[in-house]
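The values are calculated or read from the model by the stated rules, or taken from the named source; none is laboratory data. In this text, all values refer to a predicted model and were calculated from it rather than measured experimentally. Using ideal geometry, Cβ is built from the backbone for each residue, glycine included, and neighbour counts are taken over all protein chains shown.
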Amino acid sequence: MIEIFEVDKNGHIIENYLHDEKLTLPEGSFVVERLPVGIHRPKWDFENKKWIDEITEEELREVRNRPRPKTEVEILKERLEATELALIELMMEE
């Protein structure tokens with residue numbers, strides 16, 4: 001299975017497709033090169049034939065410093081702790 005990216009004349013992704021085999025594609029509009037891990041705003045560099053990241057340093061700092069959402073496990077752990085605390089409080093009232 002290969003991933004094919006359709007890009008506009010500026011190198012920005014328009015659409016991506018998954019195919020079982022390599023197809024004959026029109027030149028310039030489609031890219032078969034994998035996206036490198038960690039690219040936030042991909043752009044195909046036609047001249048150097050590689051993906052580049054258009055994100056600015058300031059935007060990247062914002063992305064890295066953005067609080068991540070809690071995982072389901074973290075949420076369940078907090079609920080369990082709250083339930084246990086409520087149960088202890090009920091037992092101490094008796």
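A few notes on this one:
- Of residues in the range 50-60 being part of a helix (DSSP H, G or I) and surrounded by 11 or more Cβ atoms within 10 Å (Cβ to Cβ), the one modelled with the highest pLDDT: 59
- Any hit, the range 47-62, residues being acidic (Asp, Glu) and either touching a Phe, Trp or Tyr at 6+ places or on another chain (Cβ under 9 Å) or on the phi > 0 side of the Ramachandran plot (or both): no
- Test set (1) more than 21 Å from residue 59 (Cβ to Cβ); (2) surrounded by 11 or more Cβ atoms within 10 Å (Cβ to Cβ) - residue 15 fails condition number: (2)
- Hits in the range 1-19 - residues which are hydrophobic (A, V, I, L, M, F, W, C) and farther than 20 Å from residue 47 by Cβ: 1, 2, 4, 18
- In the condition set (1) assigned to a helix (DSSP H, G or I); (2) acidic (Asp, Glu); (3) in contact (Cβ under 8 Å) with a residue 24 or more places away in the chain, residue 3 is compliant with all but (1).
- Residue ID - nearest to residue 63 (Cα to Cα), chosen from residues in the range 18-48 that are touching a residue at least 24 places away in the same chain (Cβ under 8 Å) and either part of a strand (DSSP E or B) or of a type in the set (Gly, Ala, Ser) (or both): 42
- Look at (1) loosely packed, with under 11 Cβ neighbours inside 10 Å; (2) at negative phi; (3) not small (Gly, Ala, Ser) and you find that residue 75 fails only one, number (1).
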